[in-house]
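After the structure tokens below, expect a handful of questions from me.
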């Protein structure tokens with residue numbers, strides 16, 4: 001009987017010691033810091049959607065741009081104004097399927113690639129953009145761009161006009177108030193060619 005009593009007493013003391021002052025409840029861990037949790041799950045910042053303008057890299061010489069793919073479809077052309085650093089016009093050519101090779105240069109005139117007929121473009125200077133291999137239509141022959149002429153926004157660009165979409169060549173003429181330095185930048189996600197022109 002004394003052994004049984006001693007055994008029960010020992011078990012009781014062990015149980016009391018493990019429970020501590022919490023009455024046998026398992027302690028609740030401290031909640032994680034909201035700041036730490038947000039930092040752990042926050043995705044890395046996305047790269048800038050548009051390039052910054054560096055006047056030192058602008059010029060008037062022809063610019064050749066290496067393509068990312070053997071073929072791309074032009075889906076949008078848009079023009080905007082950027083007042084920073086003395087004022088710039090920006091024209092963006094957006095593609096699906098990747099960015100084709102491009103050439104940007106000043107020319108004296110523009111002619112339709114199929115017929116050779118002259119193309120009238122408003123402005124005193126003409127900046128030509130040539131993409132190859134590229135297209136601005138789908139398999140049914142329908143345009144994949146909203147318009148073939150895009151008006152300027154009051155800066156140096158008077159208008160931009162499509163004048164070729166033939167045999168994997170797409171060409172646009174950008175009519176300007178005067179010949180100005182320009183800078184060309186490639187962007188991805190989505191594929192874009194960006195041309196900044198000094199006002």
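Every number here is computed from the coordinates shown, using simple stated rules; none is lab data. Remember, it's a predicted structure, so these values are computed and weren't measured experimentally. Cβ coordinates were reconstructed from backbone atoms using ideal geometry, including for glycine residues, and neighbour counts include every protein chain displayed.
Taking the Cα-to-Cβ direction at residue 85 and at residue 122 and moving 7 Å from each Cα, how far apart do the two end points lie in nm?
Those two pseudo-labels are separated by 2.8 nm.
If you don't mind, there's one more thing I want to ask. Could you pull out which residues in the range 85-110 have an amide N less than 20 Å from a spot 7 Å beyond the Cα of residue 69, following the Cα-Cβ vector?
92-103
Follow-up question, since we're still on this one. Quick check: pseudo-label points 7 Å beyond the Cα along Cα→Cβ at residue 178 and residue 115, how many nm apart are they?
Using points 7 Å along Cα→Cβ, the separation is 3.5 nm.
Treat each spin label as a single point 7 Å out from the Cα along the C-beta direction, and report the residue 167 to residue 78 distance in nm.
Label at residue 167, label at residue 78, 3.4 nm between them.
Working out 0.36 nm times the residue gap between residue 188 and residue 60, then minus their Cα-Cα distance, what length gain in nm do you get to one decimal? Intermediate values should be presented prior to the final figure.
Working: separation 128, 0.36 × 128 = 46.08 nm, distance 2.45 nm.
43.6 nm is the gain from fully extending residue 188 to residue 60.
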